[in-house]
1. Give me the residue from region 36-74 that is surrounded by 20 or more Cβ atoms within 10 Å (Cβ to Cβ) and in contact with a Lys or Arg (Cβ under 9 Å, 6 or more places away or on another chain) and, out of that set, nearest to Leu94 (Cα to Cα).
2. With the condition kept exactly as written, say whether any residue in region 304-323 is touching a Pro at 6+ places or on another chain (Cβ under 6 Å), surrounded by 15 or more Cβ atoms within 10 Å (Cβ to Cβ), touching a residue at least 24 places away in the same chain (Cβ under 8 Å) and not in a loop (DSSP other than H, G, I, E, B).
3. Of the residues that sit in region 324-367 and are hydroxyl-bearing (Ser, Thr, Tyr) and surrounded by fewer than 20 Cβ atoms within 10 Å (Cβ to Cβ), which one is farthest from Gly424 (Cα to Cα)?
4. If the requirement is being surrounded by fewer than 20 Cβ atoms within 10 Å (Cβ to Cβ), under 36 Å from the mean Cα position of the chain (by Cα), assigned by TED's automatic domain parsing to the domain that holds Ile182 and in contact (Cβ under 8 Å) with a residue 60 or more places away in the chain, which of these qualifies: Phe134, Phe123?
5. Pairs only if they're at least six apart or on different chains, beta carbon under 9 angstrom, first in region 422-438 and touching a residue at least 12 places away in the same chain (Cβ under 8 Å) and on the phi > 0 side of the Ramachandran plot, second crowded, with 18+ Cβ neighbours inside 10 Å and of a type in the set (D, E, K, R); list them, first residue then second.
6. Among what's in region 401-416 and is closer than 18 Å to Leu435 by Cα and free of Cβ contacts under 8 Å to residues at least 60 places away in the same chain, pick the residue that is surrounded by the most Cβ atoms within 10 Å (Cβ to Cβ).
7. Give the residue that is surrounded by the most Cβ atoms within 10 Å (Cβ to Cβ), with candidates limited to residues of region 105-115 that are out of contact with any Lys or Arg (no Cβ under 9 Å at 6 or more places or on another chain) and modelled with pLDDT under 90.
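The values are calculated or read from the model by the stated rules, or taken from the named source; none is laboratory data. Note that the structure is predicted; figures quoted are calculated from it, not measured. All Cβ positions, glycine included, derive from the backbone under ideal geometry; neighbour counts span all protein chains shown.
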Amino acid sequence: MRLPKKLILRSERINRYLNNITGNAKDFGLEARIFHFICIFSFVILSVSQQINLYYGLYELAVLMGVLQIIGFIFFILSRVYQKIKLSIIFFALGANALFVINFYFNSGINGPGLIMFLSGIFLIILIVPKNQFAFWLTINIIEVLVLLFLSYHDPSIFTYRYSDSFLQYADIASTYVLTAILIFHATNFIRKSYDREKIIAEQKAEELRISDQTKNKLLSILAHDLSSPLGSIQNYLEILAELKTEEIDRQSIEASLLNETKNAQHMLSNLLLWSKTQMEGVKINLIPLNLKESIETAIRIQQSLAIEKNISIEANIDQSIMVLADREMLQLVIRNLINNSLKFTHAGGKIRIDSKVEENVCLITISDTGRGINYEMQKDLFSMGIKSTYGTQNEKGVGLGLSICKEFTELQNGTISFESDPGKGTRFFIGLKLASALKT
């Protein structure tokens with residue numbers, strides 16, 4: 001059975017209002033918020049109890065309830081407004097114990113509901129005082145009760161029986177019990193909700209720390225392992241050029257290899273820096289209408305030298321009129337990474353083809369190659385940050401983050417990315433981006 005919408009909205013407003021009164025978790029600890037809640041709810045319970053006592057003709061107790069209300073309100077203001085939380089809790093506990101004794105005396109001693117109030121009192125005090133004070137307040141409570149029971153046993157006349165008949169006595173005990181049970185229920189419910197809320201927050205923070213630590217370890221591992229390879233190669237080439245008298249053709253070959261290693265290292269660093277920026281600082285997305293053909297041609301030009309070196313042709317079949325809604329830098333990086341990935345795993349003489357197709361308000365970009373494909377074991381985790389980098393057809397070493405970045409950046413542009421691959425035959429990547437015209441609809 002579903003609750004009416006008005007009732008749900010009213011309940012949410014009450015909860016927000018109550019949270020505003022008890023204080024938020026940023027400014028107050030759990031014990032302080034519990035104390036504020038107890039002060040508020042006790043004020044309500046005491047108001048009801050005061051009316052009951054007036055109805056029964058127990059005027060001294062009605063006055064006592066009024067005094068308790070005033071004291072509780074003062075302690076609440078002292079804690080909530082002036083943030084004298086520890087002082088408020090100590091005075092609250094001392095005042096509660098003193099007033100329980102007074103209530104026991106004025107409310108017929110053992111024949112009244114005094115013991116119920118002592119029991120509820122120690123429950124509420126234990127909820128709000130520091131753990132190292134538990135034994136002290138429990139001892140005080142037990143001593144007070146034992147002393148009052150001892151006096152009641154040896155001299156019952158100390159506590160005057162104030163009920164006009166037994167009905168009022170049972171009614172007073174019953175009402176006190178019911179109000180105490182309601183107070184304990186709501187206090188426990190408030191604690192449980194607060195605990196669950198803080199548990200969720202703690203679990204979220206723990207998960208964020210775990211992911212952050214995983215990201216840091218992955219980044220350091222990549223920097224230590226993958227970046228050392230091209231830098232070591234560059235150093236070796238430079239040492240050879242500096243120390244050996246090589247023939248001109250050998251020098252040209254070494255310089256070409258050195259240039260290639262430098263480009264690979266630069267490409268790797270570009271990916272790492274952009275990716276680490278999104279992980280640590282977040283990234284600002286500027287979605288604007290972009291001409292798809294121009295964006296892809298720019299990415300192709302950057303990769304063209306590597307394609308020529310490997311004798312791989314890149315063919316783009318993109319409609320000049322297609323305008324997509326994307327971030328210029330992000331789209332360039334995604335396309336560039338995918339083309340670079342195809343070049344890496346395509347043998348000399350192979351082909352890379354880029355096509356586009358419009359379906360409703362989405363442009364589907366396909367980047368296909370005739371490379372060696374992706375083995376089935378790697379396909380399930382291809383976009384994962386934990387995927388291991390592999391060597392290309394000419395032992396090109398990747399950073400292992402390129403496809404993870406492509407997925408993250410594509411989704412940040414409200415796009416989709418997927419792939420199909422046949423080991424030994426090639427791979428096709430599919431990118432779906434919204435058309436710029438979708439802004440007008």
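1. The selected residue is Cys39.
2. Scanning region 304-323, I find at least one residue that is touching a Pro at 6+ places or on another chain (Cβ under 6 Å), surrounded by 15 or more Cβ atoms within 10 Å (Cβ to Cβ), touching a residue at least 24 places away in the same chain (Cβ under 8 Å) and not in a loop (DSSP other than H, G, I, E, B), so the answer is yes.
3. The selected residue is Ser356.
4. Of the residues listed, the single one that is surrounded by fewer than 20 Cβ atoms within 10 Å (Cβ to Cβ), under 36 Å from the mean Cα position of the chain (by Cα), assigned by TED's automatic domain parsing to the domain that holds Ile182 and in contact (Cβ under 8 Å) with a residue 60 or more places away in the chain is Phe123.
5. What qualifies is Gly424/Arg372; Gly426/Asp369; Gly426/Arg372.
6. Residues of region 401-416 closer than 18 Å to Leu435 by Cα: 409-416.
If we keep only those that are free of Cβ contacts under 8 Å to residues at least 60 places away in the same chain as well, we get 411, 416.
Numbers: Glu411: 12, Thr416: 14.
The residue in question is Thr416.
7. Checking each candidate, the answer is Gly114.
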